Amino acid sequence: MPHDELTPYLRDRWSPRVFDPTHELADDELRLLLQAARWSPSAGNTQRWAFLVGRRGDATFTTIQEQLSKGNAGWVANVSAVVVVCFQTGAAPEDQETPYLDLAEYDAGQTAAHLTVQAASMGLHVHQFAGFDHEGVAAAFGVPDHWRVATGVAIGRVGDPATSEVHEKKRSERKPLEEIAYAGSWGTPFA
């Protein structure tokens, strides 16, 4: 099946670097994106994820900006919002049991994927990124020791590359299915 038959929300997904610096995300739009993340699957319904949420110009966004790598600082400045995804790695002092911690990182990744698809359905784009000081973000926001900062999710509308100083990269290609989907034994392509 060619990728052309995928839902447009997946087929047309890409990670732009040029965002519209004038676009603002309304409260209900941002809440809807977080609801999409909230409703993603989790092992045993443990929901071992949490988010740091900042809008361009607010204190949370500014603190996240201060932790960005040089390569991300320029383009992230123009996004409408940034969501930092975190996941639980150990027991909290009050926990009696901590099942499924080994799947918390996987589940947190699903929250970012759900947010990404919801954003596409709203005419928005997302660029997930890891180029920032994760320990710096954890310290700045008081993330507990039994949690880990995973990734940033930049959200906004695509801007005009002709009016931006940010260099837009071309859309990435994907490996063919024969290289990633196996059956029978590892390395044997799924037919």
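FYI, it's all coordinate maths here, none of it is from the lab. Everything numeric here is computed off the predicted structure, so don't read it as measured data. All Cβ positions, even for glycine, are placed from backbone atoms using ideal geometry, and neighbour counts span all protein chains on display.
The number of residues in the stretch 144-182 that are without any contact (Cβ under 8 Å) to a residue 60 or more places away in the chain and either among the aliphatic types (A, V, I, L, M) or within 26 Å of ALA26 (Cα to Cα) (or both) comes to 5. When the criteria are applied in full, ALA138 fails the requirement of being under 27 Å from ASP20 (Cβ atoms) and out of contact with any Cys (no Cβ under 7 Å at 6 or more places or on another chain).
Among the residues of the stretch 42-84, those that are at negative phi, touching a residue at least 12 places away in the same chain (Cβ under 8 Å) and part of a loop (DSSP other than H, G, I, E, B) comprise SER42, THR46, ARG48, ARG56, GLU66, GLN67, SER69, ALA77, ASN78, VAL79, SER80.
Out of all the residues in the stretch 26-50, which are among the basic types (Lys, Arg), surrounded by fewer than 18 Cβ atoms within 10 Å (Cβ to Cβ) and in contact with a strand residue (DSSP E or B) (Cβ under 9 Å, 6 or more places away or on another chain)?
Of the residues in the stretch 26-50, the ones among the basic types (Lys, Arg) are 31, 38, 48.
Filter once more, so that each one left must be surrounded by fewer than 18 Cβ atoms within 10 Å (Cβ to Cβ): 31, 38.
Of everything in the stretch 26-50, just one residue is among the basic types (Lys, Arg), surrounded by fewer than 18 Cβ atoms within 10 Å (Cβ to Cβ) and in contact with a strand residue (DSSP E or B) (Cβ under 9 Å, 6 or more places away or on another chain), namely ARG38.
Only residues that are touching a residue at least 12 places away in the same chain (Cβ under 8 Å), assigned to a loop (DSSP other than H, G, I, E, B) and either polar (S, T, N, Q) or touching a Ser or Thr at 6+ places or on another chain (Cβ under 9 Å) (or both) were counted in the stretch 85-122, giving 6.
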